[in-house]
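*Asks:* Got a structure for you, questions after.
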Amino acid sequence: MKKKLIAGNWKMNGSAAANDALVRAVIAGIADDSSCAVAVCVPAPYLAQVQMLRAGSALEVGAQDVSAHDKGAFTGEVSAAMLKEFGVRYVLVGHSERRQFHGETDVLVADKAKAALAQGITPIVCVGETLADREAGKTEEVVKRQMAAVIHTNGHCISEIVVAYEPVWAIGTGKTATPEQAQQVHALLRAQLTAATAHPDRISILYGGSMNAANAASLLAQPDIDGGLIGGASLKAPDFLQIIAAARAARV
Ligand code: PEP
């Protein structure tokens, strides 16, 4: 039975003191129940702190970006090998904020996923349409194009990635895709990935975009939603824990 995955994306938030309180509360809340996988993707300077805090718990640590390069003259970038040394299990790749504010292309996102996989780190590859795309009826075309680039570059390793469907118009806006809207896109992504792998049972597709304690259960009940990528609500332990509880209740 595949576990659901609930991953928090702290974005550029946190402080040593706030992280300490948040991580301790999350760990206390998940206790020794490992029926749902839980991770927090934290800003790079806090990886060591969170890695220390999580020791002995079921909480996994993730990063928010990775370089496509192994090493060299790439000032400001962090390689997958470096993340590996900090016990990183997951890394977000192609988050819409990186695509939008840092000009990340489909090809670069695919290369970053490859760099992570080469170090045994699971990339959480984010795909999703903008509001303009949706209103132009281009949702399917856009997410399939984004996914196709990652499949093309990563070939038979594709079942080792996690995908996060994050409609850009739902991220940080309080506007959530309805369970039906999300399910529709998840189903087409699953079909696309299934056609590309011999291990369709390993495919994991998270929903992200204003998921919160109130709407998590109905989203996570959808047959093709394998978990959630949580931004704002992952910064408040009680909210994050309620989403985790909803994922446990909706176990695949
Ligand atoms: C995200 O940043 O990936 C995200 C889903 O944010 P939020 O939950 O705040 O919409």
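*Asks:* Determine which member of the set Glu166, Glu160 is buried (at least 23 other Cβ atoms within 10 Å of the Cβ) and in contact with a helix residue (DSSP H, G or I) (Cβ under 8 Å, 6 or more places away or on another chain).
*Replies:* Glu166
*Asks:* Checking the conditions here, which among Val168, Val163 is within 21 Å of His199 (Cα to Cα) and within 16 Å of the ligand (Cβ to nearest atom)?
*Replies:* Working: Val168 fails: within 21 Å of His199 (Cα to Cα).
One residue alone meets the criteria, Val163.
For (1) surrounded by fewer than 22 Cβ atoms within 10 Å (Cβ to Cβ); (2) away from the ligand (no atom under 15 Å from the Cβ), each residue gets a yes or a no:
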position: His102; (1), (2): yes, no
position: Val109; (1), (2): no, no
position: Ala113; (1), (2): no, yes
position: Gln119; (1), (2): yes, yes
position: Val125; (1), (2): no, no
position: Leu131; (1), (2): yes, no
position: Lys138; (1), (2): yes, yes
position: Arg145; (1), (2): yes, yes
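*Asks:* Further, regarding this structure: Can you name the condition, by its number, that Ala196 falls short on among (1) among the hydrophobic types (A, V, I, L, M, F, W, C); (2) surrounded by fewer than 21 Cβ atoms within 10 Å (Cβ to Cβ); (3) more than 16 Å from the ligand (Cβ to nearest atom); (4) not in a loop (DSSP other than H, G, I, E, B)?
*Replies:* Here Ala196 meets the rest and fails (4).
*Asks:* Also: Return a yes/no flag: does the stretch 20-30 have any residue that is in contact (Cβ under 8 Å) with a residue 24 or more places away in the chain and more than 23 Å from Ala216 (Cβ to Cβ).
*Replies:* yes
*Asks:* Based on this model, can you work out whether His156 counts as within 15 Å of the chain's Cα centre (by Cα), more than 13 Å from the ligand (Cβ to nearest atom) and assigned to a helix (DSSP H, G or I)? Let's see the steps before the verdict.
*Replies:* Details: within 15 Å of the chain's Cα centre (by Cα): no; more than 13 Å from the ligand (Cβ to nearest atom): yes; assigned to a helix (DSSP H, G or I): yes.
Judged against the criteria, His156 is not a match.
*Asks:* Suppose we filter the stretch 171-188 for residues that are of a type outside the set (Ser, Thr, Tyr) and within 11 Å of the ligand (Cβ to nearest atom); how many remain? Before the answer, list the steps.
*Replies:* Restricting attention to the stretch 171-188, the residues satisfying the condition of being of a type outside the set (Ser, Thr, Tyr) are 171-172, 174-175, 177, 179-188.
Those left that are additionally within 11 Å of the ligand (Cβ to nearest atom): 171-172, 174-175, 177.
Selection size over the stretch 171-188: 5.
None of the figures in this text is laboratory data; all of them are computed from the coordinates on show. Given the structure is predicted, the values throughout are model-derived calculations rather than measurements. Cβ sites come from the backbone with ideal geometry, for glycine too, and all protein chains shown count toward neighbours.
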